[in-house]
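Only the coordinates and a few stated rules stand behind these numbers; no lab work does. Computed from a predicted structure; not experimentally measured. Here the Cβ positions follow ideal geometry from the backbone for every residue, glycine too, while neighbour counts run over all protein chains shown.
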Amino acid sequence: MTRNYIAVTYDVCNHNNLYEDLNEYPLDMSIDIDKQIREFAKMDVAPLIKVYVSDTSDFKAFRLYREYKFNEYECSCSQ
């Protein structure tokens with residue numbers, strides 16, 4: 001059974017009660033996942049990326065695989 005992975009970038013600002021999904025990116029499992037995730041975070045300036053896995057290509061049923069946090073892209077509105 002083939003597993004499918006998708007990365008979802010999120011914009012997060014705790015000071016403004018913001019938690020918004022930005023973009024979805026399919027992951028290529030033949031390439032280093034961490035490298036792909038870092039590139040997605042940089043492109044979207046996303047402090048949070050969640051990777052989901054599904055046993056189907058339509059992602060009707062999926063579960064959280066891993067979560068990545070990037071402090072360098074966190075909002076600085078409180079500073």
**Asked** What is the set of long-range amide H partners of A46 at a cut-off below 5 Å, with H atoms built 1.01 Å from backbone N?
**Response** none
**Item:** For N23, distant residues with modelled amide H under 5 Å away
**Value:** T9
**Complete:** Here the gain from full extension of D32 to E72, 0.36 nm per residue of separation minus their alpha-carbon distance, amounts to 12.3 nm
**Request:** Please work out how much length the chain gains when fully extended from E39 to R3, using 0.36 nm per residue of separation minus the C-alpha to C-alpha distance, in nm with one decimal.
**Result:** 10.8 nm
**Request:** Starting at the first residue of the range 2-15, write each ³J(HN,Hα) from the Karplus equation 6.51 cos²θ - 1.76 cosθ + 1.60 with θ = phi - 60°, in whole Hz, x for Gly and Pro.
**Result:** 8, 9, 10, 10, 9, 9, 10, 8, 10, 9, 10, 9, 5, 6
**Prompt:** Based solely on its DSSP helices, what 222 nm [θ] is calculated for the chain when runs of n ≥ 4 H residues each add -39,500 (n - 2.57) and the sum is averaged over all residues, nearest 500 deg cm²/dmol?
**Reply:** -4500 deg cm²/dmol
**Surface/4 of the Cα convex hull for the chain, nm²** = 5.6 nm²
**Request:** Can you tell me the dipole magnitude for the chain around its Cα centre, using point charges on the Cβ only (Lys, Arg +1; Asp, Glu -1), in Debye to the nearest 20?
**Result:** 240 debye
**Asked** Short version: ³J(HN,Hα) in whole Hz for each residue of the range 64-73, in order, from phi by Karplus 6.51 cos²θ - 1.76 cosθ + 1.60 (θ = phi - 60°), x for Gly and Pro, what are they?
**Response** 5, 9, 7, 10, 10, 10, 10, 4, 5, 10
